[in-house]
């Protein structure tokens with residue numbers, strides 16, 4: 001079985017479990033018209049990826065049989081509308097409360113992020129703080145790399161922005177990120193390129209104050 005078919009069958013099984021609830025290997029094989037051995041191979045793979053959970057179900061006759069349901073992690077594989085919901089809520093807030101309220105909202109988010117990450121910056125020199133910031137941003141999906149330019153000067157680049165569509169509409173997101181970097185690094189930070197303004201990446205020049 002080629003890789004494309006393997007992936008397609010896996011997606012179909014996940015969709016079946018999403019829409020039909022608990023199913024046994026026999027149920028899945030019958031609906032798909034494939035062998036139980038083939039189904040078990042897919043099940044085993046998805047269990048390894050923590051996408052499925054198995055429970056034993058007693059039957060009127062014979063031995064108990066395993067039925068499978070989606071694990072919580074599998075929910076992320078299905079379409080979500082979080083981005084549009086976020087934009088709609090921000091638009092409503094802007095219309096009802098005005099620009100000042102939007103700014104306070106982003107500033108509040110900045111404060112929360114700063115409180116969360118500041119402990120990771122303690123007892124570190126500037127280079128170590130830059131490295132830690134890069135790690136934090138990578139954990140959040142920003143695809144960061146950084147270089148040491150010498151003389152306590154660093155260049156940090158973000159090649160992806162998980163909140164790009166929000167930032168394109170609400171520039172406060174970009175300003176709060178810049179302020180967050182300055183506070184976490186306790187350094188001079190200037191942004192020279194910005195994804196939200198059409199650049200291919202966000203670039204920050206970092207140096208001692």
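At-a-glance table
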read-out	value
Cα-based helix-to-principal-axis angle, 99-117 vs the chain, degrees rounded to 10	80 degrees
Separation of alpha-carbon centers, segment 22-58 and segment 140-164, rounded to whole Å	43 Å
Proxy reagent accessibility, fewest Cβ within 10 Å first, across 67, 144	67, 144
Segment 45-167, relative contact order [Cα under 8 Å, separation at least 6], %	14 percent
Identified option (computed log10 I(q)/I(0) by the Debye sum over Cα atoms at q = 0.08, 0.09, 0.11, 0.19 Å⁻¹; candidates (i) -0.25, -0.32, -0.48, -1.50; (ii) -0.30, -0.38, -0.56, -1.51; (iii) -0.49, -0.59, -0.75, -1.23)	(iii)
Length-normalised contact order of segment 3-77 in % [C-alpha pairs under 8 Å, at least 6 apart]	31 percent
Burial ranking of peptide ranges 124-131, 90-97, 170-177 (average Cβ count within 10 Å, highest at the top)	170-177, 124-131, 90-97
Value of [θ]222 nm, deg cm²/dmol, for the chain, DSSP H segments ≥ 4, -39500 (n - 2.57) each, nearest 500	-16500 deg cm²/dmol
Residue order, fewest to most surrounding Cβ atoms within 10 angstrom, among 82, 154	82, 154
With Cα atoms, 0 to 90° folded angle of helix 126-139 axis to the chain main axis	30 degrees
145, 151 arranged by Cβ crowding within 10 Å, fewest neighbours leading	151, 145
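We did not get these values from a lab; they are worked out from the coordinates using the rules stated. Predicted model, so just to flag it, every value in this text is computed and none were measured. Cβ: placed from backbone, ideal geometry, glycine included. Neighbour counts: every protein chain shown.
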